[in-house]
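A.B. asks: Below you will find the structure I want to go over with you.
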Amino acid sequence: MKDLLLVIDLQKVYADGEPWACRETGRVCERVAQLVDSGKPDQVIFTRFDAPEHPVGRWAEYNRAFAEINADPRLAEMMDPIAELCKGYPVYSKQTYSSLTIPEVAAAAAAADRVLVTGVVAECCVIATALALIDAGCEVVYLKDAVAGQSAAFEERVEEILGALAPVHTSVMTVSEYLAQQD
């Protein structure tokens, strides 16, 4: 199997104590590092959300509502535990929730047998990406302990939704289960 590890938006704005904090982002960073260090995924791609420069439709309202947050370049940086790890892999910017709007991500996903989905925010960018991958015909592996949302309840809902699409479109597992499967 040729697996693409897709790491979605592990930026400082989502870290503990920051404006859009997700729970247990430290755990997510550890799991992502574990995956990368394992050498099991054949390809690794990181994404980051950057507010659209020329927003259209509701994105214009988004830019107005979150102007102060989006203007802080520190918040857009990758989280400290991930910043060094990213240096060896492509990091692509997106202006929508789904990472599949990035042409390089879409091409890599189409070439992979499976796409391992990790990162933040479970109930936003992660689920939008997973559903877009499914629509594109990709097999999605949702690594539930390598994803964080703004609450445990949101994380559980996303896991339930993506689990309902198994086994045809998705698999839901932990990083340990994925790594054991690869041995």
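A.B. asks: Among the residues of the stretch 58-110, which ones are over 23 Å from residue 147 (Cβ atoms) and among the acidic types (Asp, Glu)?
C.D. replies: 61, 68, 72 - these are the residues of the stretch 58-110 that are over 23 Å from residue 147 (Cβ atoms) and among the acidic types (Asp, Glu).
A.B. asks: Please state which one of 153, 132 is out of contact with any helix residue (DSSP H, G or I) (no Cβ under 6 Å at 6 or more places or on another chain) and more than 18 Å from residue 26 (Cα to Cα).
C.D. replies: Values: 132 fails: out of contact with any helix residue (DSSP H, G or I) (no Cβ under 6 Å at 6 or more places or on another chain).
Exactly one of 153, 132 is out of contact with any helix residue (DSSP H, G or I) (no Cβ under 6 Å at 6 or more places or on another chain) and more than 18 Å from residue 26 (Cα to Cα), namely 153.
A.B. asks: Mind checking which residues of the stretch 137-180 are farther than 14 Å from residue 4 by Cα, free of Cβ contacts under 8 Å to residues at least 40 places away in the same chain and touching a Ser or Thr at 6+ places or on another chain (Cβ under 8 Å)?
C.D. replies: 144, 162, 163
A.B. asks: Could you tell me how many of the residues in the stretch 6-28 are more than 22 Å from residue 95 (Cβ to Cβ) and either buried (at least 24 other Cβ atoms within 10 Å of the Cβ) or among the charged types (D, E, K, R) (or both)?
C.D. replies: Counting residues in the stretch 6-28 that are more than 22 Å from residue 95 (Cβ to Cβ) and either buried (at least 24 other Cβ atoms within 10 Å of the Cβ) or among the charged types (D, E, K, R) (or both) gives 5.
A.B. asks: Here's a follow-up. If residue 69 satisfies all but one of (1) farther than 21 Å from residue 4 by Cβ; (2) out of contact with any Leu (no Cβ under 7 Å at 6 or more places or on another chain), what's the number of the condition it fails?
C.D. replies: Among (1) farther than 21 Å from residue 4 by Cβ; (2) out of contact with any Leu (no Cβ under 7 Å at 6 or more places or on another chain), the lone unmet condition for residue 69 is (2).
A.B. asks: Give the residues of the stretch 49-63 that are part of a loop (DSSP other than H, G, I, E, B), of a type in the set (A, V, I, L, M) and loosely packed, with under 15 Cβ neighbours inside 10 Å, sorted by residue number.
C.D. replies: Narrowing the stretch 49-63 to residues part of a loop (DSSP other than H, G, I, E, B): 50-57.
Subset that is of a type in the set (A, V, I, L, M): 51, 56.
Answer for the stretch 49-63, where residues must be part of a loop (DSSP other than H, G, I, E, B), of a type in the set (A, V, I, L, M) and loosely packed, with under 15 Cβ neighbours inside 10 Å: just 56.
Where a number appears in this text, it was derived from the coordinates with a stated rule and is not lab data. In this text the structure is predicted, and so the values were computed from the model without any measurement. When we count neighbours, we look across all protein chains shown, and the Cβ atoms used for this are built from the backbone with ideal geometry, even at glycine.
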